[in-house]
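Student: The structure's right below; bear with me while I get my questions together.
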Amino acid sequence: MATLNFALVNSTGSSSVYAYITGQALDNNNALFLLQADGRTAYYPTSPSATLTSLSQDCAIPLGAPGSTKTVTIPHIAGGRIWFVRDGKLTFFVNPGPALVEPSSSNPSDPNYNLYWDFCEFTWNSAQLYVNITDVDFVSLPIGIALTNTSGVTKSVQGLPSNGLEAVCSGLRAQNAKDNAGWDKLIISRNGANIRAVSPNNGITLNNSLFKSYYDAYVNQVWSKYSSTTLTVNTQAAAGNVTATVSNGRLNFSTGGISYDKPSTADIFSNSSGAFAVSGDPTKDAITARLAAAFNRSTLLTNNVQPNGEVVSNYYLNAVTNHYARICHATTINSRGYAFPYDDVGPDGGVDQSGSVFDSNPRLLTVTVGGVSTVANNQSEIVQPNNAPPVPEWSKPSKAPPIPERPSLNNAPPVPKKPGHLNGLKKVWHKFSGNN
């Protein structure tokens, strides 16, 4: 069985840091997989008779003292996550299936809610290793990734600096002082210390009174603009450019009878509800991804060609925008890392915003928790081609390769299933669409 080494580096300043690795074992019929505490032994939970059954094996991998590196070995994994927790241990459960019940950042009754934890995501199959950092759900522990291939070339995403959480929280408070929109309500604290800053989507889950009509005026302005101006959306797929104007209260496109009602604030922040719900129509879903990205970045009033007319410096300039995403990108080293589900939408040949690395010949993945201070001398900064439609996990054909995503079986209490997590991994889809 093929295996690959991951080097897990503790740069937190704490000697009580643990890692957990979860996913689906591709070489074992996609069985639910966790790595045991020794960092080598696979654990395949069986289906229990009751919900919320505790794990029968210890899967907390100790990272050791600050500055230590723990090397672990994994098989081919789909939908993988590397979880880290500081000054405590995470609690996972197994439900009948078996289905893994993961820690939740949006459920205050979850046993992990008041702990200081975070994760990154990966898939390693016979074609390549794909890894990304993510702020889609929340910001907490800084995580950086560096992927070295068999030729010795390293591609890295440094993630948040060591003070990243405090910087994000400070930015949210400053923004709330300007507009009083509720950005400070995204900060979750324990005993006076910040433990995470959640995304607006998670914030609404925790407090459904947040951001109720935040985008309404902006959406009305967009609808007014495109009542007399044509919007062009490049699907970056077979449909090519499609155009739209507003009539009878709907944004109507020139192809396939595709049209949109005005999205709500919740639709915009989630990327996956109401007007932006996944349709199963590849062309409409490609348009949805680009509209959702443009609304989150607030670029529709200044540019009627999406996304190929965009440059990163024009994102988030409107007073009404996804300031959580803006602050995350401003804080993250090199500004890379998913801050909303379709954050990989961008102009053809544009600079990657999503914070992903991948390689078909991986030798070692190094994951640093606590903040990255240096970059490998032979680091190769990547520019991702944004030329294929984002493919939501739930709509891709069954023969398509697995991409990093929350396992679909995680649908039981106490963790509510959330839609729209990392739904725009178009680079992976484009890479593999003709291979299987």
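Student: Residue by residue through region 355-364, note down the ones that are out of contact with any helix residue (DSSP H, G or I) (no Cβ under 8 Å at 6 or more places or on another chain) and within 30 Å of Q306 (Cα to Cα).
Tutor: G355, V357, D359
Student: For region 120-168, what are the residues that are surrounded by fewer than 24 Cβ atoms within 10 Å (Cβ to Cβ), of a type in the set (D, E, K, R) and within 21 Å of D352 (Cα to Cα)?
Tutor: Across region 120-168, the qualifying residues are D137, K155.
Student: Another one. How about region 256-297: which of its residues are of a type in the set (V, I, T) and touching a strand residue (DSSP E or B) at 6+ places or on another chain (Cβ under 6 Å)?
Tutor: Going residue by residue through region 256-297, those that are of a type in the set (V, I, T) are 258, 265, 268, 278, 283, 287-288.
Matches in region 256-297: I287 only.
Student: Looking only at residues that are touching a residue at least 60 places away in the same chain (Cβ under 8 Å) and part of a loop (DSSP other than H, G, I, E, B) in region 269-285, which one is farthest from S298 (Cα to Cα)?
Tutor: Taking the candidates together, the pick is G280.
Student: Name the one entry in L34, L100, L63 that is under 23 Å from the mean Cα position of the chain (by Cα), more than 27 Å from G203 (Cβ to Cβ) and crowded, with 18+ Cβ neighbours inside 10 Å.
Tutor: Details: L100 fails: more than 27 Å from G203 (Cβ to Cβ); L63 fails: under 23 Å from the mean Cα position of the chain (by Cα).
So the residue among L34, L100, L63 that is under 23 Å from the mean Cα position of the chain (by Cα), more than 27 Å from G203 (Cβ to Cβ) and crowded, with 18+ Cβ neighbours inside 10 Å is L34.
Student: Mind telling me which of the residues N314, N322 ends up being under 22 Å from C169 (Cβ atoms) and of a type in the set (S, T, N, Q)?
Tutor: N322
Student: Still on this structure, please answer the following. Scan (1) surrounded by 15 or more Cβ atoms within 10 Å (Cβ to Cβ); (2) aliphatic (A, V, I, L, M); (3) closer than 17 Å to P347 by Cα for the single condition V311 breaks and write down its number.
Tutor: With (1) surrounded by 15 or more Cβ atoms within 10 Å (Cβ to Cβ); (2) aliphatic (A, V, I, L, M); (3) closer than 17 Å to P347 by Cα applied to V311, the lone miss is (1).
Student: Here is a follow-up. So, L206, is that one more than 20 Å from P307 (Cα to Cα) and either touching a helix residue (DSSP H, G or I) at 6+ places or on another chain (Cβ under 8 Å) or touching a residue at least 24 places away in the same chain (Cβ under 8 Å) (or both) or not?
Tutor: yes
Student: Are any of the residues in region 266-274 surrounded by fewer than 16 Cβ atoms within 10 Å (Cβ to Cβ) and acidic (D, E)?
Tutor: Among the residues of region 266-274, not one is surrounded by fewer than 16 Cβ atoms within 10 Å (Cβ to Cβ) and acidic (D, E), which makes the answer no.
A short reminder: the numbers here are calculations on the coordinates, not readings from a lab. Keep in mind that what you see is a predicted model, and the values were worked out from it rather than measured. Every residue, glycine among them, receives a Cβ derived from its backbone with ideal geometry; neighbour counts consider all protein chains shown.
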